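The values are calculated or read from the model by the stated rules, or taken from the named source; none is laboratory data. These numbers were taken from a predicted model, which means no experiment stands behind them. Virtual Cβ from ideal backbone geometry, glycine too; neighbours counted across all protein chains shown. The protein model used for the area step is the full one, side chains on, heavy atoms only, and it has no ligands, DNA or RNA in it. Shrake-Rupley method; radii C 1.70, N 1.55, O 1.52, S 1.80 Å.
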Amino acid sequence: MKARVLEIRKGVLNKNDEIARGLRERLHAAGVLTINLVSSPGTGKTALLQRTLRELREQGSSVAALVGDLATDNDARRLAEAGVPVKQINTDGRCHLEAQMVSDHLSDWDLDRLDYLFIENVGNLVCPSSYDLGEDLRVVLLSVTEGEDKPLKYPNIFNSADVAVLTKMDLAEACEFDIEAARANIAAVRPGMRIVSTSAKSGVGVQEWLSCLAEEKQSRLVGV
Amino acid sequence: MHELSIAYSLVEMAGESAREAGAVRVRAVHLRLGALSGVVRGALEFGYEIATADTLLAESRLHVKELPVRVYCGVCRKEVELKSVQRFRCPECDTPSGDIRQGRELEIESIEIEMPE
């Protein structure tokens, strides 16, 4: 047998990355800021998103959400209560969303009429870090009930994110949550990352979070 | 665990390249794997065996080259290697840096193929 070495030099997730690039271009052309929310199960992605969708809608922004879950459409039903377009992406047991799934679920939405698209990823701090979904912002959520050292345990996902949101701040005292330690741990794995402290329940920090989104939209989509 | 789906993507990509080159079999795959790729080596190797079954890559070897994270330190004005992914600071001057120059790779470098006689 004649053997030889063939140079490839290509990313294993090249196909996903190409689809994500195409998506990002389409969404940018339509003036949409896309946000990929990642966290452990139970951190409060859906609760924060519910509140965010409602507030943005009241401000007159046009918003929509895609929700990834291994099974059930409970989250999509919860979010639909905010009165905005919501679609469930059922991953059939897969632990993360991929760009193709996002693309498939956008086909019948008029992107030109949208301002913000939220993608709630599957609750998982490991697998979603490898997959670009065409988002502008990857937002990692950490709840005060999870402990301050989560960023050190899952450095990859924190490092791949653009903004960190602390959730359930209304429980911080009861959990003896050390916010300075949490901030230091986030900074250790992702120096300079913006951190917003919120409670979807009490409303603390929600305005700051909304300003953060507006600023990102302004800076990333200006002139598009 | 997403390493199995990564293994399938890897096998698909390597298989396509091998077929295009007219190969009859793939003997080995050389992979570059960064410490921030989000992929666990052992799990990927396990998934590789499953994903290669009944393909051109059946019984091929997966060679993994693990790459540490390298960042650019603006104070030292050079690229430095991090000792830990839990500490994004220059190991020499302790300045924080998130300017990653290496560590996210999940890339097929090359494959060893067998050609027909």
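Only a single criterion out of (1) at the interface with another protein chain (Cβ under 9 Å from one of its Cβ atoms); (2) touching a residue at least 24 places away in the same chain (Cβ under 8 Å); (3) outside any strand (DSSP E or B) is not satisfied by B:Glu109, namely (3). Scanning segment A:147-174 for residues that are outside any helix (DSSP H, G or I), open to solvent by less than 40 Å² (accessible area, probe 1.4 Å) and modelled with pLDDT of 95 or more turns up A:Ala161, A:Val163, A:Ala164, A:Val165, A:Leu166, A:Thr167, A:Ala172.
The selection criterion, being surrounded by fewer than 21 Cβ atoms within 10 Å (Cβ to Cβ), closer than 22 Å to A:Thr52 by Cβ and either polar (S, T, N, Q) or at pLDDT 95 or above (or both), does not hold for A:Ile186.
For segment B:85-105, the candidate set comprises residues that are of a type in the set (Gly, Ala, Ser) and within 17 Å of A:Ser129 (Cβ to Cβ); within that set, the residue that is farthest from the chain's Cα centre (by Cα) is B:Gly98. For A:Arg51, the criteria (1) touching a residue at least 40 places away in the same chain (Cβ under 8 Å); (2) within 14 Å of another protein chain (Cβ to nearest Cβ) hold in every case but one, which is (2).
Taken over segment B:57-75, the criterion of being open to solvent by 40 Å² or more (accessible area, probe 1.4 Å) and not basic (Lys, Arg) is satisfied by B:Glu59, B:His63, B:Glu66, B:Pro68, B:Tyr72, B:Gly74, B:Val75. Search segment A:184-203 for residues being under 17 Å from A:Ser39 (Cβ atoms) and part of a helix (DSSP H, G or I), and hand back the single one that is nearest to the other protein chains (Cβ to nearest Cβ). Across segment A:184-203, the extreme among qualifying residues is A:Val189.
Is there a residue in segment B:59-72 that is out of contact with any Cys (no Cβ under 9 Å at 6 or more places or on another chain), within 19 Å of A:Val5 (Cβ to Cβ) and small (Gly, Ala, Ser)? Checking segment B:59-72: at least one residue is out of contact with any Cys (no Cβ under 9 Å at 6 or more places or on another chain), within 19 Å of A:Val5 (Cβ to Cβ) and small (Gly, Ala, Ser).
Residue count for segment A:1-40, restricted to those that are surrounded by 15 or more Cβ atoms within 10 Å (Cβ to Cβ), at the interface with another protein chain (Cβ under 7 Å from one of its Cβ atoms) and hydrophobic (A, V, I, L, M, F, W, C): 4. Restricting the search to strands (runs of 3 or more DSSP E) fully inside segment B:1-89 and requiring at least 2 residues that are facing another protein chain (nearest Cβ under 9 Å) gives B:25-34.
Please determine whether any residue of segment A:61-72 is of a type in the set (D, E, K, R), in contact with a Ser or Thr (Cβ under 8 Å, 6 or more places away or on another chain), under 21 Å from B:Ser5 (Cα atoms) and open to solvent by less than 40 Å² (accessible area, probe 1.4 Å). Looking for residues that are of a type in the set (D, E, K, R), in contact with a Ser or Thr (Cβ under 8 Å, 6 or more places away or on another chain), under 21 Å from B:Ser5 (Cα atoms) and open to solvent by less than 40 Å² (accessible area, probe 1.4 Å), one finds at least one in segment A:61-72, hence yes.
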